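The values are calculated or read from the model by the stated rules, or taken from the named source; none is laboratory data. Everything numeric in this text was worked out from a predicted model, so none of it was measured. FYI the Cβ positions are ideal-geometry reconstructions off the backbone, even for glycines, and counts take in every protein chain you see. For the accessible areas, the whole protein counts, side chains as well, though only heavy atoms, and no ligand, DNA or RNA atoms are used. Shrake-Rupley method; radii C 1.70, N 1.55, O 1.52, S 1.80 Å.
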Amino acid sequence: MAGNSSGVSRMDARQGGGEDKNSMITAADDPRSLRRVEDERFVTGKGRYVDDLPLAGQLFAAVLRSPHAHARIVSIATEAAEDVPGVRGVFTARDLLADGIGPLPCYMDLRSEEPLIVPPRYPLAIERARHVGDPVALVVADSREAAREALDHVDVDYDILDAVVDPRRALEDRAPQIWDEAPGNLAFHYKRGDFEKTAAAFAGAAHVVELSLVNNRIAAAALEPRTAVGAWDEASDRYLLTLSGASVHSIRRELADGVFRVPHDQIDLTVPDVGGGFGMKNVTYPEYALLLWAAKRLRRPIRWTAERVDEFTSGVHGRDNLTRVRLALDLDGRILGLWVETIANLGAYVSSGGPGSSTLAPTPAMGGLYAIPAIAMEVHGAFTNTAPIDAYRGAGKPEANYIIERILDVAAHRLGLDPVDLRRRNFIREFPYRNAMGAVIDSGRFADNLDRVLAAADQAGFAARKAQSAARGCLRGLGVACFLETARGQPNEEAWIRFAPDGTIELAVGTHSNGQGHETSFVQLVADRLGLPLDTFHFVQGDTRRVPRGGGHGGARSLHMGGTALLLAAEDMLRKARPIAARLLQAVPEDVTYTDGAFVCAPQPGGPARSIDLPSIARAVAQSGDEEPLEGHGANICDTITFPNGCHVAEVEVDPETGQVVLLRYVAVDDFGRLLNPLLTEGQVHGGLAQGIGQALMEHSVYDPESGQLISATFTDYAVPRGEDLPELDIRFVEVPTAANPIGAKGSGQAGAIAAPQTIINAIVDALRPFGIDHIDMPATPQRVWQAIQDAGRREAS
């Protein structure tokens, strides 16, 4: 890799710069596709996760959770549990309150019609448990086994109350009230868009199509469950939390400001390797506060690892929206307006970013890739006796895209139009384009990508394949759908580049990887700019002691925000190094240029060129003792959103006798701007597609409507995709660079989960059209598909 002095990476000149609109890229054929350097330690068992980091003198924690969805806590007797050998303490909310421990905060600035209500959520339930899995007591013991045994001896007297788990019913009169602070269980009422203009569009429309749909509740089910170790250093009066998570700076802020009320720098957070997160590990959980509080009280480090049932009952869930959508069109099928009314389930508590998933996040993506003049969006947030809702891969963008892509398919079916043609005639075609929600989309080739994916999926040969399925007594469907993501996450990001004593260069950035491959991609980026070998660099993340500030994980923000910050840090380092290089080369700074890892001084007449590489300059600075160490800092002050997009095709076969759906083919053409490492990008898309396919076909967190019990509390009842459930995923890229950052990248981490649900459902409905079915809610399980066919048959018979 080579660097230059312009501040713009040579990636610009590499294959696939986005100039040829007919070219497509596959990861296997691209020279930028380097394998992840971190994979060697992962596949050889050398990864370092929280459970691989034992601490001398550590104790073990276990959490007693409510078995009831809604109950008054009459009393808690801990004496028998305290007598279990090895138990060091059994604690309840009374102990926390005595030490002045505060509730977990939510700092989201949600400007809404009815202000967001954030009832107090203490680390242990006070007076009432409000969902199955709500933490009620903490046990700390010498071993995991002793802590778990003691849980059975904590005697809690519950007065069981009526529960409500359905968000629509929660907002009805006479529903069980969950919080006194939230009358009618209403957490907020949010509105965005031009309601008057949208109403006028509907009044003048030739056609209005309406659909009610469900975005089903799902759980992240990360391979590594939540786990953490809390410690307290008496000498420095500092807390240390080591966790499997992301977004360490926001978690530290919430713990410091809301729970412990101490300065931020009195709490240090570190994160080693992470076995998956998908949004659910961005959150501040009660267990983090409990570990730190108990560690200080007992003067010992304390470890906690969630059981899988803990993850399902008390880890945050995702999605869970009920939506009524209406689409207004003219006689030619041009969209005039979109009206979206949603009831969003927040669960029993307001989680760190929970309200944003149904409000702030979907707003700029509402309407997708289509030129829609008027949009009105209204959301009612409901408290229910369920686990809290928070970010899950895409967080709001999948919901927004599912809405527009499903209503378009339904509109095409009901109006006798071709769903592909309906999309094509409504695409945004001129850029920049300000959509009806105020987002400015700077680039895209939406119609071209639709043509590309249809050709790649062999749409022309579908009729023959459908006939082959029919000969076997099966139905075959082809689903087409698009997506538009709004990527950025938290605004602003910082990065630091420092020379270590051993000559390596430390790259520290405030974004966070939990599997995306930042150790490779970020190093590629900076190595390219500085013209130094990849093994020169050492990547640092997730440590508040070494990374002072950062926006963390989420929103497909890493390259856009963190990558730009790293490039700024590299430029800052080169700016500082230039006069030093000039002095060492006995030249003036203006005569020194940086290229291929070294500063070069133009030769004097008759003399050789003189140069000095960057590591030599750093060593000279360190040896002088008179100058600050050579380092660079980049502050990317940016609130600009990028717009990854793509078009996808799925082909399914349905057995009408059993309702079984088999996903046969999946093809995607995606635009993530300029690619840094197509192989890593493809891996991100694969992972997102697996989760999106899972939501469409099988994943569902289900509560009993009467008791509020979580029925899907283990992998026995919560289905996730296995390898046999997925076909070969055919992923292709086009590069349409964005001007939002110097890399030209748009972000890829969430795309698959955003695109797959509507693509799969569109394909299933296409297969079921002979029965007159134009919609089926997720997940499209065999039972649900079979039942839809039976119901359609009864309707026809009557």
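Numbers below:
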item: For the range 531-689, alpha-carbon Rg relative to the globular expectation (2.2 N^0.38 Å, N residues); result: 1.59
item: Net charge of neighbours whose Cβ lies under 11 Å from the Cβ of Ala464, counting Lys and Arg as +1 and Asp and Glu as -1; result: +2
item: More than 20 angstrom apart: percent of Cα pairs within the range 624-753; result: 61
item: Surface/4 estimate of mean projected area, convex hull on alpha-carbon atoms of the range 48-176, nm²; result: 11.3
item: Alpha-carbon gyration tensor eigenvalues x 5, square-rooted, for the range 337-432, Å; result: 29, 14, 11
item: Hydrodynamic radius by Kirkwood, which averages 1/r over all alpha carbon pairs of the range 224-335, in angstrom; result: 16.0
item: Residue-span extension gain [Gln468 to Glu628] - 0.36 nm each, minus C-alpha spacing; result: 50.3 nm
item: Theoretical ellipticity at 222 nm over the chain - DSSP helices of four or more residues, -39500 (n - 2.57) apiece, nearest 500; result: -8000 deg cm²/dmol
item: Segment Arg253-Thr658, extension gain: residue separation times 0.36 nm, minus the distance between their alpha carbons; result: 140.6 nm
item: Total charge dipole magnitude, the range 514-582, about the Cα centre, Cβ charges on Lys, Arg, Asp, Glu only, Debye to nearest 20; result: 300
item: Rg/Rh (Cα only; Kirkwood hydrodynamic radius) as it applies to the range 274-386; result: 1.17
item: Solvent exposure of the range 526-653 as accessible area per residue, Å², 1.4 Å probe; result: 41
item: Carbon and sulfur %, accessible surface of the range 454-493 computed with the full protein complex present, 1.4 Å; result: 54
item: Anisotropy class of the range 388-436 from Cα gyration tensor, a/c 1.5 cut; result: oblate
item: Apportionment of accessible area to carbon and sulfur, the range 636-742, percent (1.4 Å); result: 51
item: Three-way shape call for the range 389-515 based on the alpha-carbon gyration tensor, with the a/c threshold at 1.5; result: prolate
item: Percent of C-alpha pairs per 10 Å bin, the range 491-624, short to long; result: 12, 40, 29, 14, 4, 1
item: Relative contact order (percent, whole number), the chain, Cα cutoff 8 Å, 6+ residue spacing; result: 17
item: 5 angstrom amide H check on Val136, placed H, neighbours 5+ away; result: Leu64, Arg65, Ser66, Ala125
item: 20 °C / 1.002 mPa s Stokes-Einstein diffusion coefficient of the range 498-573, Kirkwood radius on C-alpha pairs, µm²/s; result: 172
item: FRET efficiency, 1/(1 + (r/R0)^6) with R0 30 Å, evaluated for Asp29 and Arg238 via beta carbons; result: 0.05
item: Charge dipole magnitude, Cβ of K and R +1, D and E -1 - the chain, Cα centre, debye nearest 20; result: 1120
item: Cross-link partners of Lys281 among lysines (Cα-Cα below 21 Å; sequence separation of 8 or more within a chain); result: Lys397
item: Residue-wise HN-Hα coupling along the range 644-651, computed from phi with Karplus coefficients 6.51, -1.76, 1.60 (Hz; x: Gly, Pro); result: x, 7, x, 10, 10, 10, 10, 10
item: Among 745-757, 165-177, 242-254, 55-67, the order from most to least packed when residues are scored by Cβ within 10 Å on average; result: 745-757, 242-254, 55-67, 165-177
item: Total formal charge among the other residues, if their Cβ is under 13 angstrom from that of His560, Lys/Arg +1 and Asp/Glu -1; result: 0
item: Cα pair count fraction exceeding 13 Å, expressed as % - the range 60-105; result: 69
item: Cα centroid separation, the range 95-148 to the range 574-613 (Å); result: 59
item: Rounded Å value of the spacing that divides the Cα centres of the range 355-401 and the range 721-798; result: 18
item: Of Leu679, Gln758, Gln783, farthest towards positive along the dipole that unit charges on Lys, Arg, Asp, Glu beta carbons give the range 643-798; result: Leu679
item: Charge dipole magnitude, Cβ of K and R +1, D and E -1 - the range 156-201, Cα centre, debye nearest 20; result: 440
item: Peptides 452-461, 650-659, 466-475 ordered by average Cβ neighbours within 10 Å, highest first; result: 650-659, 452-461, 466-475
item: DSSP H segments from the chain that extend 20 Å or more along their own axis, Cα-based, with Kyte-Doolittle mean of 0.5 or above; result: 751-768
item: Debye-sum result for the range 702-798 in log10 I(q)/I(0), which assumes one identical scatterer on each alpha carbon, at q = 0.19, 0.25 Å⁻¹; result: -1.10, -1.32
item: For the range 338-489, accessible area per residue (1.4 Å probe, heavy atoms of protein chains only), Å²; result: 27
item: Inter-site label distance for Gln177 and His207 at 7 Å from Cα along Cβ, in nm; result: 4.8
item: Hull-based mean projected area of the chain, where the convex hull spans the alpha carbons, in square nanometres; result: 37.5
item: Cα convex hull volume per residue for the range 89-163 (Å³); result: 141
